[in-house]
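Data first, discussion second: the structure below is written as structure tokens.
The values are calculated or read from the model by the stated rules, or taken from the named source; none is laboratory data. For clarity, every value in this text was computed on a predicted model and none was experimentally measured. A quick note on method: Cβ atoms are made from the backbone with ideal geometry, for glycine too, and the neighbour counts reach across all protein chains shown. Surface areas here come from the heavy atoms of the whole protein model, side chains and all, with no ligands, DNA or RNA. Shrake-Rupley method; radii C 1.70, N 1.55, O 1.52, S 1.80 Å.
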Amino acid sequence: MKPTIDFKECLKDSPKFRASLESAETDVDVLEARLERLVKLCTLMIETGKSYKRASSDFVTGVRDLAAYFKDDNMMSDDTNVSNCLNKFAHEMGEMLKYFNILMDQANRSVCKNLNNFVKQDIKKVKDSQKDFEKASSELDNAINRNAGVPRTKTQECEEAGTMLKAKKSCFAHTSVDHVFQINILNSKKRYEILETMLSFMHAHSTFFHQGHDLFKEFEPEMKNVASLVENLSAKASQERKEMEERHSLVQKKVGSVN
């Protein structure tokens, strides 16, 4: 990250200025490349998130289908019905997917769009002013060479070359300060623009996890009820298994009674 370029050095068009300018322009190229890469990575993250959301939505649908299987289970009350419990689970997972969708939308708006706009607008201004600067510099060099090559005996051509040189010097000076202005503006703006963008995304993450925490905190009593239900069902299944393990004794009793 390069420091601000001094306007006075810019007007001198000194070797120091040219070196500082080249360094600053290279720094802009590096920043542009890294921002573009981050936007691409964010876009990939969002697309992957969409795939995750579709797969998760299918999973929730599968849970609801499984709940339908237990819909006519008459062995349990409505409050402890397996179908009812599974549908509640599916609802909670569906709510989390809504929150996740909001997070991905925020990633698109706060990261992709903001950083992409920064590249397409702010950095583009520097790129455009750089082209103008290079054009003005080339035209000034041509004017200098022409003025130096005109024979002093040709008064009119000397005057024309001198006038042209003066005009190109003025144009170059204005173009130089405009280019330096755009670079300096970018250097002062990039810090808060990038931090503000990422801060917004971090707030979105914070909101996402708070929403999830609040959702499951409210759902926690229901989860405890289901845990108790699972324990009771497990104990009941064990008791039934134990009773059924004596199935062969029924055969022996049946055979004995026949004899």
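Here are some notes:
- Subset of region 1-41 [open to solvent by less than 50 Å² (accessible area, probe 1.4 Å), among the hydrophobic types (A, V, I, L, M, F, W, C) and under 20 Å from ASP122 (Cα atoms)]: ILE5, LEU21, ALA24, VAL28, LEU31, LEU35, VAL39
- Checked against the criterion of being on the phi < 0 side of the Ramachandran plot, more than 27 Å from the chain's Cα centre (by Cα), modelled with pLDDT of 90 or more and surrounded by 12 or more Cβ atoms within 10 Å (Cβ to Cβ), region 160-167 contains one or more residues that satisfy it.
- Residue check, VAL63 under 30 Å from LEU233 (Cβ atoms) and part of a helix (DSSP H, G or I): yes
- The selection criterion, being within 21 Å of LYS169 (Cα to Cα) and touching a Cys at 6+ places or on another chain (Cβ under 6 Å), does not hold for VAL111.
- On the stretch given as region 122-159, residues that are among the basic types (Lys, Arg) and modelled with pLDDT under 90 total 3.
- Among the candidates LYS217, LYS236, LYS224, residue that is farther than 12 Å from LEU103 by Cα, modelled with pLDDT of 95 or more, over 23 Å from the mean Cα position of the chain (by Cα) and open to solvent by 90 Å² or more (accessible area, probe 1.4 Å): LYS217
- Residue selected from region 66-104 under the condition of a type in the set (Asp, Glu) and at pLDDT 95 or above, by the criterion farthest from SER228 (Cα to Cα): GLU95
Residue by residue, here is whether (1) open to solvent by less than 30 Å² (accessible area, probe 1.4 Å); (2) over 19 Å from SER14 (Cβ atoms) holds:
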| site | (1), (2) |
| --- | --- |
| ALA136 | yes, no |
| GLY149 | no, yes |
| ARG152 | no, yes |
| LYS169 | no, no |
| LEU195 | no, yes |
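- Contact annotation: residue pairs with Cβ atoms under 6 Å, 6 or more positions apart or on different chains, pairing a residue in region 154-176 that is free of Cβ contacts under 8 Å to residues at least 60 places away in the same chain with a partner that is among the β-branched types (Val, Ile, Thr) and open to solvent by less than 90 Å² (accessible area, probe 1.4 Å), are GLU157/VAL150; CYS158/VAL150; ALA161/VAL150.
- A Cβ distance below 7 Å, combined with a sequence gap of six or more or placement on separate chains, defines the contacts here; from region 85-110, residues that are in contact (Cβ under 8 Å) with a residue 12 or more places away in the chain and closer than 17 Å to VAL63 by Cβ reach residues that are open to solvent by less than 70 Å² (accessible area, probe 1.4 Å) and basic (Lys, Arg) in the pairs LEU97/LYS53; PHE100/LYS53.
- Hey, GLN211 more than 18 Å from GLU32 (Cβ to Cβ) and either open to solvent by 50 Å² or more (accessible area, probe 1.4 Å) or part of a helix (DSSP H, G or I) (or both) or not: yes
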